[in-house]
1. Could you state the angle between the C-alpha long axis of helix A:168-179 and the longest principal axis of the C-alpha atoms of chain A, as a value from 0 to 90 degrees rounded to the nearest 10?
2. Between A:ASP412 and C:MET301, what FRET efficiency follows from the Cβ-Cβ distance if R0 is 45 Å, with the result rounded to 0.05?
3. Any chance you could run the full-extension gain for A:ASN367 through A:LYS291? It's 0.36 nm times the residue separation minus the Cα-Cα distance, nm to one decimal.
4. Quick check: pseudo-label points 7 Å beyond the Cα along Cα→Cβ at C:ASP373 and A:LYS183, how many nm apart are they?
5. State in Å² the accessible area per residue of chain C; use a 1.4 Å probe, count heavy atoms of protein chains only, and round to the nearest integer.
6. Could you order the peptides C:335-344, C:217-226, A:313-322 from most to least packed, using the average number of other C-beta atoms within 10 Å per residue?
7. Summarise the long-distance tail of P(r) for the protein assembly as shown by giving the % of C-alpha pairs beyond 61 Å.
8. Provide the per-residue ³J(HN,Hα) series for the range C:98-108, in order, calculated from phi with Karplus coefficients 6.51, -1.76, 1.60 and θ = phi - 60°, each as a whole number of Hz, with x at glycine and proline positions.
Amino acid sequence: MIEKKYHSIVIGGGAAGLSAAYEISKSGFSVALIEREESLGGILMQCIHNGFGLQEYKEELTGPEYAERAIAKMAGSGVEIITSTTVSDLIDENGTKTAHCYSAVHGALKLGADTIVLAMGCRERNRGNIGTAGTRPAGIFTAGSAQRLINIEGFIPGKRVVIIGSGDIGLIMARRMTWVGAKVLAVVEILPYASGLTRNITQCLNDFNIPLYTSHIVSRIYGHDRVEKVDITPLVDGAPQDEDTFSIECDTILLSVGLIPENELSCKIGVEINQDTKGPYVHSNYMTNVKGVFACGNVLHVHDIVDFVTEEARRCAVNVVDYLRRKILPTEFRIQPGANVIYLVPNHYVPGEEINLYLRTFIVKNNAQLIVETSDKVVLEKKLLHVRPSEMIKVRIGEKDLARLSADEFKDLKVSIV
Amino acid sequence: MKDPKKIICISCPIGCELTVGYENDQLSVSGNKCARGKSYGQEEYLEPKRIVTAVVKTNSATLTYIPIKTDQPLKKEYINDLLNHLYQLEVKVPITLNQCLLKNFNNTGVNIVFTRSLEA
Amino acid sequence: MAETLFDLAIIGAGVTGSSIAYQLSAYDTKVVVLEKMEDISFGVTKANSGIIHAGFHHKPDSLKAHLEIQGNLMYDELKQTLDFPFKRVGILVAAFNYEEMKMVEKLYHQGVENNVPRIEIVSRERILDLEPKLSQDVVGGLYAPTGGIIEPYRFVFALMESALKNGVELRRNFMVSQCKQKDGVFTILSADNQAVRARRVVNAAGLYSDEVSRIFKAEEFQIIPRKGEEYLLERNASGFPRHVIFPVPVKNSKGVLVIPTVEGTMMIGPTAEEIDDKEDFSTTRDNLERVFTLAMKMVPMISKKEIITSFAGLRPAMKGNDFLIKISDKTPHFIQAAAIQSPGLTAAPAIGLYVLDLLKQDGMELVKKIDHDPKLEKKPMIREFDFSDADKLISDDRRYGNIVCRCENVSEAEIIEAIKNGHHTLDGIKFYTRAGMGRCQGGFCAYKIIKILMRETGKSAYQLTKRGGNSFLLSHQLGEGKVDTPS
């Protein structure tokens, strides 16, 4: 059995893992990057559409191009890349972490490290998760799995398609299905507005006259062997209007109904999960409740764009390096969600150090206001042009903002959107 | 404004709602927040174009399809022709990122380039 | 060339047909099993709750009660021989008021009369001690430690593998549609005109046993499908109990149960609804709500957010509600094993023996094989391996190191083993290996399994199905057909 030791093990070779591993190795620490697939890049490799990299590279790239730039940095970085390898267990013994891995190439591997960076990404919610009634025929796919089948294998799942959910992957797949010759008959969204970006509604639906039914649900799936038909029911104030149900004949259903961070492995080493994000609770330095175990990217919380993942992973890596050097933890205070906030990341801050906050809100509003406050003092107020649940809000609370608090005033912060 | 059209800008994720039409024989754009919005609005009004991405069959044993893109937006009316042409091709490895697959497609000035490298 | 003349044809490869085939495989006799679907256990059996009942639900004078008790006791030895997932976790019946406690007493006495081992009436304290996740409103109940849980399809796969190993033949995709009987020989024709000849026939056709009986001009009866919807919850579900929890039963139905599955997921259901259509496997939103309401009354921690999938199964019920297992009065050498609804899975091993007896009574010559070897070798599963032993396993066969299904930890070698054993559909592989049965429901692994299936069977992607018939997974290859988008 192969046994090795590193300063850090990064789990997952997608955008987050690539960025974190590179940054840690730059500081001279030994890093192993473990990826279950044969090649690096993660889900980016099947996202062949453009729209990536505007923040990170100031130009518009496709998913594979974005990945290839990150992978290119690995050459000569000193990161040990271990592909075709699945981590099956994580163990923490007196501060030393061990990853148990299986690989068809390397056999069983026992890898030890001082720190672990969780960067496993997320999975798609599926039909069972949304409890759609009806039969269980062939022809029901999550949007991402259909994307993989088409863009990597050239397998076309079906010819007449109904898409449930208007998340960006669903919208992108509406265009992809059309561009490979299938007919997309409807996109059905339970919310009163589309979940995806406006530009994707325009270029993926409107360009092809694909109808978007907001405040509608697919209420029933028909078909014995293969999907034959769906019922679509409008909602008024959340209540299904059964008498207004109509049907669409189709052979394929794609689901784009949300993503869930993949934290089953994190739980094995005792990482506590925030039920609002389904990702770990993290300190301001991206460390979970388990000392030396960090998390970044979509395993922490689901991001809207990959550029933010890369950026977050880089910031996480800086903290991993800091931890490897100092091994001490600064005093911290909590940051808690206030009015209208679904969740925020990170959940703690260090007095005097800037905070890069990611959050999502329950409300849809123009000219909203973000308020950061302690129980008796407002630290920051910021105007936001437009907020909605599907768009992640990114706020930097700088040292200057925090300077408003005198040393004895540092205490738990609350963040609200009104 | 003469012949006004509402157009959603796709230049960036903000998605501004533009109004485009003729004012005194001059094509005018309002609702944009930046210069890219103005030129997008004008182009979309006169001659809509899109970046097209797709995959092409390879002779590789490890990856049967490889992604490509147009190196600049292509006039919408050419998209079907391009896709139908691409789907009939089989390309040979090795392939490098940004390598050109097709030059000046249908005399549009648009090139088709690979967006992934693939070793032989 | 003359077709083989079989001594016995068993129609249906569910748990009943497979149990009969397994018993027969110990004898020197030619047996064929005819299954209308692409894979075995795909009918009534696969959508079963997977409970091995203790035997207190049915009246002592019924055939059901007799075979249920006998069947239950056979499972330990079967597990030793065939290695399938089975655990005696025990069954609890939870009562929530005095009236229900009176019913519990009745069940207790019925159980004692049926000789259910170690059955006891339990107080509120004892039942909460046994099952801390039960609602605090519980007033007491019944405890039957011999009740258990099983993966029904994997039991059937094991029975059939052992039977096949010992000379039984299996014909998949053989839908019995006609029969001629001449000179003591049945000639059975399939819908696509294959023929099988046999001296005797057992009707274990589940939902369609009434139609098969008609085809053989035997007894007239009607199978009434009684639909049950089930909801599967993820691993580590908050409501995961230690025992199978039953409510106090109402007429014809054991009620909605809370079930810890052998593999660590959790199931709640089933509903019980008589329907007309034998192919109606749909679930409804109303029943989802109903099942959760009933289950949460017993175990309040159950959460809808933890659903990973739902499904519906049909019980082949008949008027009178007992099994119909007998030599036909109308057609000679035709044996009925019909209307095997709950507790059919529990009773199945005993049904196998019972039918064996009927065949002897019918004059079938049954001589034990000298070289009969029912034992199945334990197949390695990476998820069950100790990490320290896994290195050797992977060194011997590298494909054990390739984890195909990340949610349930299933390796490529296990998928190939399933394919070698004749499971060529996505559902067949799922039931055999658990690949695709976890939280992502195949989102990450389906394409990998498709590619392994293509490589191992030589089939194209477009011949592959979810569960046979026309359940094709994919439509066509990129580039077939023209793209004509509006511009």
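The values are calculated or read from the model by the stated rules, or taken from the named source; none is laboratory data. Just so it is clear, the structure is predicted and the values come from calculations on it, not from any experiment. For neighbour counting, all protein chains shown are included, and Cβ atoms are generated from backbone atoms with ideal geometry for every residue, glycine included. Accessible surface areas use protein heavy atoms only, side chains included; no ligands, DNA or RNA. Shrake-Rupley method; radii C 1.70, N 1.55, O 1.52, S 1.80 Å.
1. Long axis of A:168-179 versus the principal axis of chain A: about 50 degrees.
2. Working: r = 30 Å, r/R0 = 0.66.
With a Förster radius of 45 Å, E is 0.90.
3. Values: separation 76, 0.36 × 76 = 27.36 nm, distance 4.02 nm.
Net length gain for the segment: 23.3 nm.
4. 5.9
5. Numbers: 19340 Å² over 487 residues.
Accessible area per residue, chain C: 40 Å².
6. On the way: C:335-344: 26.4, C:217-226: 17.8, A:313-322: 22.4.
Listed from highest to lowest mean packing, they are C:335-344, A:313-322, C:217-226.
7. Numbers: 69733 of 524800 pairs.
When every Cα pair of the protein assembly as shown is considered, 13 percent fall beyond 61 Å.
8. With coefficients 6.51, -1.76 and 1.60, one gets 5, 4, 5, 5, 5, 5, 4, 4, 4, 4, 4 Hz.
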